[in-house]
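Q: If you scroll down you'll find the structure; I have some questions about it.
The values are calculated or read from the model by the stated rules, or taken from the named source; none is laboratory data. In this text, all values refer to a predicted model and were calculated from it rather than measured experimentally. For neighbour counting, all protein chains shown are included, and Cβ atoms are generated from backbone atoms with ideal geometry for every residue, glycine included.
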Amino acid sequence: MKFVIPRGRLMENSMLLLKATGIYIDIYDERKLMFGENGNEIILPRARDVPVYTEYVGDIGVCGTDSLVESGIDLFAPLSLNFGKCRLSILAPEGYDMDDLDGTDIATKHPVITERYLNSSGIRANIISLNGSLELAPETGIADAIVDIVQTGETMRKNHLVEIRKIMDIQATLVVNRVSQKTKYDEINKFIEIAGEMDGNRKLCEKYTGRY
Ligand code: PRP
């Protein structure tokens with residue numbers, strides 16, 4: 001099977017989960033992005049590209065629920081995993097609240113979710129797409145607020161920002177290619193079942209494996 005595992009924050013737990021399900025693939029070189037062993041392959045893109053790689057070449061991937069929603073890609077998401085928990089929120093310098101956002105510039109790595117949320121809240125703001133280190137945007141004046149991930153809140157506090165609204169909770173999720181779901185039915189079903197047990201999420205696992 002082909003596994004799509006994100007480099008970065010979710011990688012360590014994702015590799016542990018693979019290992020717990022009996023899939024051993026040695027990542028022997030940090031700069032190499034594909035590895036294969038015993039008939040399995042592992043592909044290591046950036047977290048936000050996991051849905052794309054899972055759709056085009058992968059069977060099973062791990063990504064944050066934010067990356068899945070942001071991608072708009074139709075993957076089967078059978079199992080919420082017990083790691084990667086954080087939230088996506090609107091952050092701004094002290095003194096701002098939601099009523100102040102109309103007509104402002106908001107920087108984000110999540111333009112799709114941000115636009116949808118602002119539209120549904122009746123806020124008209126200009127969205128600026130950035131790729132990281134978003135906290136720089138208000139500090140340098142290129143944006144008034146940001147929509148960003150908050151985990152411990154440390155980065156936000158160090159950059160004098162406060163959380164004015166949570167948009168969504170985030171956690172790691174298993175994603176499955178819709179074609180593989182049918183053509184590799186047994187292997188995938190078994191993997192989800194074991195991953196669910198290993199992740200301490202047996203109930204969810206049973207709920208979804210019952211669908212096959
Ligand atoms: C994320 C996010 C914040 C930080 C929040 O960035 O964009 O900067 O983590 O974490 P905290 O609440 O625990 O401080 P990431 O490390 O993914 O880097 P990037 O924004 O540069 O991509």
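Q: Identify the single condition in (1) in the same structural domain as THR152 (by TED's automatic domain parsing); (2) surrounded by 19 or more Cβ atoms within 10 Å (Cβ to Cβ) that ILE127 does not satisfy, given that it satisfies every other one.
A: (2)
Q: If you take the residues of segment 1-58 that are touching a strand residue (DSSP E or B) at 6+ places or on another chain (Cβ under 7 Å) and among the acidic types (Asp, Glu), which of them is surrounded by the most Cβ atoms within 10 Å (Cβ to Cβ)?
A: Taking the candidates together, the pick is GLU41.
Q: What's the total number of residues in segment 10-48 that are under 22 Å from SER67 (Cβ atoms) and in contact (Cβ under 8 Å) with a residue 12 or more places away in the chain?
A: Matching residues across segment 10-48 total 20.
Q: Residues ASP74, ASP97: which one is modelled with pLDDT under 95, loosely packed, with under 15 Cβ neighbours inside 10 Å and among the acidic types (Asp, Glu)?
A: It is ASP97.
Q: Among the helices (runs of 4 or more DSSP H) confined wholly to segment 60-177, which include 3 or more residues that are out of contact with any helix residue (DSSP H, G or I) (no Cβ under 7 Å at 6 or more places or on another chain) and free of Cβ contacts under 8 Å to residues at least 40 places away in the same chain?
A: So the answer is 111-120, 136-140, 154-158.
Q: Would you mind finding the one in ALA143, ALA172 that is of a type in the set (A, V, I, L, M), farther than 15 Å from ARG87 by Cα, in contact with a Ser or Thr (Cβ under 8 Å, 6 or more places away or on another chain) and more than 9 Å from the ligand (Cβ to nearest atom)?
A: None of the others qualify; the one that does is ALA143.
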